[in-house]
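Laboratory data are not the source of any read-out in this text; all were calculated from the coordinates shown. Keep in mind that this is a model prediction, so the values were computed, not measured. For neighbour counting, all protein chains shown are included, and Cβ atoms are generated from backbone atoms with ideal geometry for every residue, glycine included.
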Amino acid sequence: MTQNSSSTKFKRSRISSWAQWFDRCAQYYQDPRMKMAYYQDGKPVAMSVMRAMHKDVWNKMRAPKDSIVLDVGGGIGLFSQSFQHRVKRIIGTDISLTMVRDAYRLNSRGVFLLCEAASLPFSSRSFDRVLCYSVFHYLRNLKHTEEVLDEFLRVLKRDGLAFIGDILYPQNLLNRKKATVLPQRRYKNTAMWWPSSLNHDLKKLAFNPEFFINYCRKNNYQCKILAQHIPGKVTAESRYDVVIKF
Ligand SMILES: C[S@@+](CC[C@H](N)C(=O)[O-])C[C@H]1O[C@@H](n2cnc3c(N)ncnc32)[C@H](O)[C@@H]1O
C-alpha cells in the first residue's frame with residue numbers, strides 16, 4: 001500500500017459522505033482491493049477470497065451468455081473484468097469519479113458511468129441483470145434504499161433479476177427494526193495503518209431481511225434471501241445476499 005502524493009491535500013477537510021470517502025480511498029491507495037475497502041487488518045483481502053466472492057456472485061446471478069448486466073456501485077470494475085467475457089455486455093456505474101476513472105485505467109474496453117444508484121441514466125427495461133455488491137450499507141436511509149430498489153426494477157427487463165449482495169445483517173435483530181444504523185467506527189485498531197485523511201464519522205446501514213421481503217411483497221416481486229459461500233472471508237459483521245425477480 002503506497003500513499004499517493006495528492007492525498008496530502010485532503011488532510012484538513014472533513015469527510016461528509018461515503019461518495020467522498022470512496023473517492024479518497026481510490027486516490028490514496030494503489031491496490032485495487034484497498035481502493036474499494038476490501039481489506040482486513042490493513043492488508044488487501046487475499047486474491048483467493050476475491051475469486052471465491054466472484055464465484056459465489058456468478059453462481060447466484062445466473063446471467064445467460066446473451067445477457068446485458070448493469071453493475072451498480074461497481075467501483076473500479078472488478079466484476080466487469082471477471083464477467084465481461086461471460087455475458088454480452090456489462091456496464092459499471094459508481095458515484096465516485098476517481099473509481100470511474102480508475103475503472104477505465106484498469107479496463108479501457110469497459111464501459112463505466114458516474115451516477116448515483118437511485119438515478120440511473122438508462123431507459124426502462126434495458127438490462128437482464130442488475131448487480132449491486134457491497135453497496136447498500138452506504139445508502140443514506142430506508143427511503144433512499146427503496147428509491148434505489150425502485151430504480152433497479154425500472155431498468156430491469158420483465159424477466160430480469162436484481163442481485164444485491166453483501167448486505168449487512170443487524171447485530172441485534174431482537175429490536176425488530178427493519179434497518180439499523182451501526183455504531184460509529186472506532187479507530188483504535190485502524191490507527192496503525194489507516195491515514196487520518198480517511199477518518200470519518202459516517203454510519204453504515206444494516207438491514208433486517210424482512211425489509212426486502214416486505215418490499216417485494218408490497219410490489220409483487222419474488223424475493224430470495226441467500227447465505228454467502230465465500231471460504232476465507234472474514235468481516236466484522238455477518239452479511240447476506242438478496243435476489244429480486246419480477
Ligand atoms: C465496497 S465498494 C464495492 C465495489 C464493487 N461493487 C465490488 O464489490 O467490487 C462500494 C462502492 O459503492 C459505491 N457507492 C456507494 N454509494 C453509492 C451510491 N449511492 N450510488 C452508486 N455507487 C455508490 C462506492 O463509491 C464504492 O465504489
Consider residue 53 carefully, then state whether it is crowded, with 20+ Cβ neighbours inside 10 Å, within 12 Å of the ligand (Cβ to nearest atom), within 27 Å of residue 196 (Cα to Cα) and among the aliphatic types (A, V, I, L, M). no
Assess whether residue 108 counts as being more than 22 Å from residue 21 (Cα to Cα) and either near the ligand (Cβ under 8 Å from one of its atoms) or touching a helix residue (DSSP H, G or I) at 6+ places or on another chain (Cβ under 7 Å) (or both). no
Inside the stretch 162-171, can you point out the residues that are surrounded by 23 or more Cβ atoms within 10 Å (Cβ to Cβ) and either within 11 Å of the ligand (Cβ to nearest atom) or of a type outside the set (Gly, Ala, Ser) (or both)? 163, 164, 165, 167
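Report, by residue number, each residue of the stretch 188-238 that is in a strand (DSSP E or B) and either hydrophobic (A, V, I, L, M, F, W, C) or under 26 Å from residue 49 (Cα atoms) (or both). Lay out the reasoning, then the answer.
We begin by selecting, within the stretch 188-238, every residue in a strand (DSSP E or B); these are 205-207, 222-227.
205, 206, 207, 223, 224, 225, 226, 227, listed by residue number.
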Just the residues that are of a type in the set (Gly, Ala, Ser) and more than 9 Å from the ligand (Cβ to nearest atom), please, taken from the stretch 84-102. none
Hey, does the stretch 89-101 have a residue that's surrounded by 14 or more Cβ atoms within 10 Å (Cβ to Cβ) and in a loop (DSSP other than H, G, I, E, B)? yes
For the stretch 19-50: of the residues being among the acidic types (Asp, Glu) and more than 9 Å from the ligand (Cβ to nearest atom), which is surrounded by the most Cβ atoms within 10 Å (Cβ to Cβ)? 31
Check residue 131 against each of (1) surrounded by 15 or more Cβ atoms within 10 Å (Cβ to Cβ); (2) more than 9 Å from the ligand (Cβ to nearest atom); (3) in a strand (DSSP E or B) and name the one condition it does not meet. (2)
Would you kindly identify the helices (runs of 4 or more DSSP H) lying entirely within the stretch 11-84 that contain at least 2 residues that are among the hydrophobic types (A, V, I, L, M, F, W, C) and in contact with an Asp or Glu (Cβ under 9 Å, 6 or more places away or on another chain)? 18-28, 47-61, 78-83
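On the basis of being surrounded by 15 or more Cβ atoms within 10 Å (Cβ to Cβ), hydrophobic (A, V, I, L, M, F, W, C) and under 25 Å from residue 246 (Cα atoms), does residue 206 make the cut? Before the answer, list the steps.
Values: surrounded by 15 or more Cβ atoms within 10 Å (Cβ to Cβ): yes; hydrophobic (A, V, I, L, M, F, W, C): yes; under 25 Å from residue 246 (Cα atoms): yes.
Taking the combined requirement at face value, the residue satisfies it.
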Let me spell it out: the conditions are (1) near the ligand (Cβ under 10 Å from one of its atoms); (2) closer than 24 Å to residue 239 by Cα; (3) of a type in the set (A, V, I, L, M); (4) part of a loop (DSSP other than H, G, I, E, B), and residue 120 meets all of them except one. Which number is the exception? (2)
Restricting to the stretch 220-235, name every residue that is in contact with a strand residue (DSSP E or B) (Cβ under 9 Å, 6 or more places away or on another chain) and not β-branched (Val, Ile, Thr). 221, 222, 223, 224, 226, 227, 228, 233
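Only one of these is near the ligand (Cβ under 9 Å from one of its atoms) and loosely packed, with under 15 Cβ neighbours inside 10 Å: 140, 125. Name it. It would help to see each step written out before you state the result.
Numbers: 125 fails: near the ligand (Cβ under 9 Å from one of its atoms).
The conditions single out 140.
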